[in-house]
Amino acid sequence: MPYEPTEVECYSGYRVNERPVAFIFEDRRWQVTEVIDRWHEGGLDSSEPALDYYKVRTIEGRIFLLRYNSLFDAWAIRVPQKTSH
C-alpha cells in the first residue's frame, strides 16, 4: 500500500513528536483516541533513515497507520486500498 504525506499533530512530552494525537486525511482532521501499536525500523545503518510507525484508532473507530521519517521530519499515512465487490 502506498504512503502519502500528511500533517500530524503530536503530543510532545519527554521528546518531540512522542505520539500522534490528530492528523489530516481526505481533507478532514481525525482525532486519535488510542495508539494500538508502535514500532521502529532502520536507523542502525546510516544508509537507512529511522522510521517510526504508529497504528492508531480514531474517535470514529477507524484504524490508520502513520509513519514518521526523522531524517526529513516528515509524516505519511498508509492509504487504504479501496475494496471492490
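Readers should treat all values here as calculations from the given coordinates under stated rules, not as data from a laboratory. Computed from a prediction, not measured in an experiment: that's the story for all the values here. So basically every Cβ, Gly included, is an ideal-geometry build from the backbone, and we count neighbours across all protein chains shown.
Take the residues in the stretch 37-57 that are surrounded by 13 or more Cβ atoms within 10 Å (Cβ to Cβ) and under 12 Å from the mean Cα position of the chain (by Cα), then tell me which one is farthest from Y11 (Cα to Cα).
Residues of the stretch 37-57 surrounded by 13 or more Cβ atoms within 10 Å (Cβ to Cβ): 38, 42-43, 49-57.
If we keep only those that are under 12 Å from the mean Cα position of the chain (by Cα) too, we end up with 38, 51-57.
Numbers: R38: 15, L51: 18, D52: 15, Y53: 15, Y54: 13, K55: 15, V56: 14, R57: 16 Å.
Only one residue fits best here, namely L51.
Would you confirm whether any residue within the stretch 45-60 is small (G, A, S) and within 16 Å of P5 (Cβ to Cβ)? Break it down into steps so the answer makes sense when it comes.
If we filter the stretch 45-60 for residues that are small (G, A, S), which is where we start, we get 46-47, 50.
If we keep only those that are within 16 Å of P5 (Cβ to Cβ) too, we end up with none.
So far as the stretch 45-60 goes, no, none of its residues is small (G, A, S) and within 16 Å of P5 (Cβ to Cβ).
Scan A50, A74 and give me the residue that is in contact with a Leu (Cβ under 9 Å, 6 or more places away or on another chain) and not acidic (D, E). It would help to see each step written out before you state the result.
Details: A74 fails: in contact with a Leu (Cβ under 9 Å, 6 or more places away or on another chain).
Being in contact with a Leu (Cβ under 9 Å, 6 or more places away or on another chain) and not acidic (D, E) holds for just one of A50, A74, which is A50.
Since P2 meets every condition but one in (1) exposed (fewer than 12 other Cβ atoms within 10 Å of the Cβ); (2) without any contact (Cβ under 8 Å) to a residue 40 or more places away in the chain, which condition does it not meet?
It fails just one condition, (2).
Does any residue of the stretch 19-40 turn out to be in contact (Cβ under 8 Å) with a residue 24 or more places away in the chain and outside any strand (DSSP E or B)?
No - not one qualifying residue is present in the stretch 19-40.
Quickly run through the stretch 16-36 and pick out the residues that are closer than 14 Å to Y68 by Cα and among the charged types (D, E, K, R).
E18, R19 - these are the residues of the stretch 16-36 that are closer than 14 Å to Y68 by Cα and among the charged types (D, E, K, R).
Test R67 against the stated conditions and say whether it is in contact (Cβ under 8 Å) with a residue 60 or more places away in the chain, assigned to a strand (DSSP E or B) and charged (D, E, K, R). So that I can check it myself, show each step before the final result.
Working: in contact (Cβ under 8 Å) with a residue 60 or more places away in the chain: yes; assigned to a strand (DSSP E or B): yes; charged (D, E, K, R): yes.
When the stated conditions are applied, R67 passes them.
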